[in-house]
């Protein structure tokens, strides 16, 4: 069934709408990452593993950067982004259906900021979903954190930033992958569901070519 027959519309703001489907929705982690990214109006931004495009649309809503590119490997999610682009007449929003390990030769570089809400689980870990799109979104099947950091490093200008979120058990993997690709972690924040719980998410911001210094922010308690 074509995506045009099954998409739903989520009102993101008074002037912005997002096309979603039962397979391609979004969660709290995407909302937190978009806010954490702290984009400037002059920035050129690229979102990797973009899904249905929630992070680019939130960034557009909250920061209005100069341009936003979004890379997604699943065609249905890409078509949702195209519907969103057309629905809102967003000339500065550029969805691309591609493998981030094999981007088109003419794909732009020298981005100011790259965001990514990646697959959290290593391939072969846990109990995989029977749904193929869900497996790709949750498990490192099509790409892993090393691939993401390598691509981000290739696309960022010197001094550009990579903003990621992930589960706390993957923190060492994420920091190692960032450093291996010349991106120095600069800002880290843990997210808790309440004051008595362990963190369920972390947000991290790294600078390409940055000097070694990591600022750990106070925990974010989402029910407050």
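Every read-out reported here was derived from the displayed coordinates using simple, explicitly stated rules and does not represent laboratory data. Given the structure is predicted, the values throughout are model-derived calculations rather than measurements. All Cβ positions, glycine included, derive from the backbone under ideal geometry; neighbour counts span all protein chains shown.
Calculated FRET efficiency, residue 66 to residue 195, Cβ-Cβ distance, R0 = 45 Å: about 0.70 to the nearest 0.05.
Can you list the residues of the stretch 158-195 with backbone N under 14 Å from a point 7 Å past the Cα of residue 223, pointing along Cα to Cβ? Answer for the stretch 158-195: 192-195. From its DSSP helices (H runs of at least four residues, each -39,500 (n - 2.57)), the chain gives a residue-normalised ellipticity at 222 nm of -8000 deg cm²/dmol.
Simple spin-label estimate for residue 179 and residue 92 gives 3.7 nm between the two label positions (7 Å along the Cα-to-Cβ direction from each Cα).
Ordering 189-197, 206-214 by mean Cβ neighbour count within 10 Å, with the highest value first, yields 206-214, 189-197. Between residue 110 and residue 172, the FRET efficiency estimated from the beta carbon spacing at R0 = 30 angstrom works out to 0.50.
The order of 59, 222, 20, going from fewest to most other C-beta atoms within 10 Å of their C-beta, is 222, 20, 59.
Shown for 83, 92, 76: other C-beta atoms within 10 Å of each C-beta, ranked fewest to most, produce the order 92, 76, 83. Across every pair of non-identical alpha carbons in the stretch 67-162, the mean reciprocal distance, once inverted, gives a Kirkwood radius of 14.6 Å.
By the count of other C-beta atoms within 10 Å, a proxy for reagent exposure, 200, 69 are ordered fewest to most as 200, 69. Within the chain, antiparallel bridges make up roughly 45 percent of the DSSP beta bridges whose residues both belong there.
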